[in-house]
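Shown next, in structure tokens, is the structure this report addresses.
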Amino acid sequence: MVSQTSVDSESTVLVTGAAGFIGSHLVDRLLAAGHRVIGIDNFIRGTEANIATARTHTNFSLLRADLADETQVMDLVLPAIQGLGIATIWHMAANSDIPAGVFDPKVDYRDTFLTTFNTLLLLRRIGASRIAFASSSAVYGEQPGALRENSGPLLPISNYGAMKLASEATVCAATTDALSRAWIFRFPNVVGPRGTHGVIFDFLHKLKRRQDELEVLGDGAQQKPYLHVHLLLDAMLYIASHTADRINLYNIGPEDEGVPVREIAAAVLEASGHSGAAIRYTGGDRGWAGDVPRFHYAVDKLAALGWRPSQSSCEAIRQAARELAAEIKT
Ligand SMILES: NC(=O)c1ccc[n+]([C@@H]2O[C@H](COP(=O)([O-])OP(=O)(O)OC[C@H]3O[C@@H](n4cnc5c(N)ncnc54)[C@H](O)[C@@H]3O)[C@@H](O)[C@H]2O)c1
């Protein structure tokens with residue numbers, strides 16, 4: 001079923017986390033589709049460089065605000081956007097540093113959960129009725145076999161995963177009063193230009209400091225699915241314009257079982273011109289406490305809707321390694 005959503009027609013939309021990796025690409029896509037886009041970011045991880053193209057667009061404006069702070073949301077953001085006719089909020093803001101949330105659980109309480117809770121308060125106040133939410137594979141915790149949208153019980157092993165799951169829950173609850181439609185996208189690992197974090201980003205920054213040896217956390221056998229950010233956006237926009245349920249929950253990812261970290265290390269060394277460097281593994285089956293070392297998705301629900309990825313995890317890694325190596329000179 002194809003529905004008319006704000007994605008199909010020109011309208012004013014709000015994007016949280018707009019200066020981040022995925023948010024900034026989303027902003028560019030929404031601007032290209034003719035929308036007026038208002039971005040919000042507190043630049044804890046987002047950068048001005050990521051939104052340099054958007055800044056040149058007359059249909060783009062950006063509010064610098066902390067969405068975890070209800071006072072800022074109500075006193076700063078609300079007056080700036082009230083009455084603009086925003087129907088849809090794309091909520092991308094969150095903590096994206098999972099280990100940081102293991103050391104200090106408040107990080108994910110604030111930046112992953114409260115940003116969602118306060119975004120819903122804002123949504124109610126401006127009378128918006130649709131939210132598209134960036135959730136994560138981390139909600140599944142460690143489970144055997146392919147992860148399906150109805151896999152469970154959901155027992156996350158990181159605070160990040162826990163606060164994403166709590167965010168999904170509060171989004172669902174809001175469909176009983178404020179929301180006419182919610183899209184919950186469970187992303188895999190997403191890669192591509194403008195990276196602000198993640199395995200390729202980390203490897204390149206390590207190589208910037210030292211070119212003859214690359215330290216890899218864990219034993220290199222961790223294996224996860226990867227999707228290029230451009231395909232992720234294709235999938236999100238496709239789902240948003242082809243679904244009309246009150247709650248639309250989708251895994252988004254490649255159709256394979258992922259790429260081992262040792263192959264990612266090799267791809268990054270090749271893309272950055274350091275193929276001769278030694279790889280030193282720190283050992284253990286995972287990179288950090290809270291890391292899910294192996295998982296893969298079942299994406300048949302998305303395929304049944306009519307969208308399939310045109311790239312494998314391996315192809316996404318190779319492309320992103322080249323793109324990020326051009327951004328992060330080693
Ligand atoms: N990149 C991935 O592999 C991946 C995987 C699963 C889920 N996700 C989710 O996708 C979304 C985007 O992730 P990303 O990779 O672009 O990360 P990112 O860190 O580049 O983007 C998140 C943005 O949110 C902003 N932000 C954080 N806390 C904020 C706050 N309190 N107030 C206002 N802005 C705040 C940051 O400054 C940043 O620009 C996040 O919700 C993330 O959890 C990403």
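The values are calculated or read from the model by the stated rules, or taken from the named source; none is laboratory data. In this text, all values refer to a predicted model and were calculated from it rather than measured experimentally. As a convention, Cβ positions derive from the backbone with ideal geometry for all residues, glycine included, and neighbour counts pool all protein chains shown.
Any idea how many residues of the range 65-80 are within 26 Å of residue 232 (Cβ to Cβ) and away from the ligand (no atom under 14 Å from the Cβ)?
Result for the range 65-80: 0.
Filter the range 81-104 for residues that are in a strand (DSSP E or B) and under 26 Å from residue 198 (Cα atoms); which is farthest from the ligand (Cβ to nearest atom)?
89
So for the range 49-62 (the condition being within 11 Å of the ligand (Cβ to nearest atom), under 18 Å from residue 129 (Cα atoms) and surrounded by 23 or more Cβ atoms within 10 Å (Cβ to Cβ)), does at least one residue qualify?
Among the residues of the range 49-62, not one is within 11 Å of the ligand (Cβ to nearest atom), under 18 Å from residue 129 (Cα atoms) and surrounded by 23 or more Cβ atoms within 10 Å (Cβ to Cβ), which makes the answer no.
Quick one: which of 258, 220 is on the phi > 0 side of the Ramachandran plot and either of a type in the set (Phe, Trp, Tyr) or out of contact with any His (no Cβ under 6 Å at 6 or more places or on another chain) (or both)?
220
Considering only residues that are among the polar types (S, T, N, Q) and away from the ligand (no atom under 12 Å from the Cβ), which ones fall in the range 135-158?
Hits for the range 135-158 are 143, 150, 151.
Can you confirm whether the range 72-86 contains a residue that is surrounded by 17 or more Cβ atoms within 10 Å (Cβ to Cβ), over 22 Å from residue 243 (Cα atoms) and of a type in the set (D, E, K, R)?
no
If you go through the range 260-309 one residue at a time, how many are acidic (Asp, Glu), touching a Lys or Arg at 6+ places or on another chain (Cβ under 9 Å) and crowded, with 16+ Cβ neighbours inside 10 Å?
0
Looking at the range 166-183 only, could you name the residues that are within 12 Å of the ligand (Cβ to nearest atom) and surrounded by fewer than 23 Cβ atoms within 10 Å (Cβ to Cβ)?
Selection gives 168 alone.
Which one is nearest to the ligand (Cβ to nearest atom), of the residues in the range 194-210 that are more than 23 Å from residue 260 (Cβ to Cβ) and surrounded by fewer than 21 Cβ atoms within 10 Å (Cβ to Cβ)?
Ranking the qualifying residues of the range 194-210, first place goes to 196.
Mind checking which residues of the range 22-40 are in contact with a helix residue (DSSP H, G or I) (Cβ under 7 Å, 6 or more places away or on another chain) and either within 14 Å of the ligand (Cβ to nearest atom) or assigned to a helix (DSSP H, G or I) (or both)?
22, 24, 25, 26, 27, 28, 29, 31, 38, 39, 40
Any residue at all in the range 115-134 that's surrounded by fewer than 16 Cβ atoms within 10 Å (Cβ to Cβ), more than 14 Å from the ligand (Cβ to nearest atom) and not in a helix (DSSP H, G or I)?
yes
State which residue is surrounded by the fewest Cβ atoms within 10 Å (Cβ to Cβ) when the search covers only the range 7-48 and only residues that are under 27 Å from residue 69 (Cα atoms) and acidic (Asp, Glu).
Selected residue: 48.
Can you find, within the range 159-176, the residue that is nearest to residue 295 (Cα to Cα) among those that are within 16 Å of the chain's Cα centre (by Cα) and hydroxyl-bearing (Ser, Thr, Tyr)?
The qualifying residue nearest to residue 295 (Cα to Cα) is 160.
Going by the structure shown, is residue 247 surrounded by fewer than 21 Cβ atoms within 10 Å (Cβ to Cβ) and touching a helix residue (DSSP H, G or I) at 6+ places or on another chain (Cβ under 7 Å)?
Against the criterion (surrounded by fewer than 21 Cβ atoms within 10 Å (Cβ to Cβ) and touching a helix residue (DSSP H, G or I) at 6+ places or on another chain (Cβ under 7 Å)), residue 247 qualifies.
Would you confirm whether any residue within the range 261-276 is away from the ligand (no atom under 16 Å from the Cβ), part of a loop (DSSP other than H, G, I, E, B) and either of a type in the set (Ser, Thr, Tyr) or in contact with a His (Cβ under 9 Å, 6 or more places away or on another chain) (or both)?
yes
For residue 7, all conditions in the list (1) at pLDDT below 95; (2) within 16 Å of the ligand (Cβ to nearest atom) hold save one; what is the number of the exception?
Unmet for residue 7, out of (1) at pLDDT below 95; (2) within 16 Å of the ligand (Cβ to nearest atom): (2).
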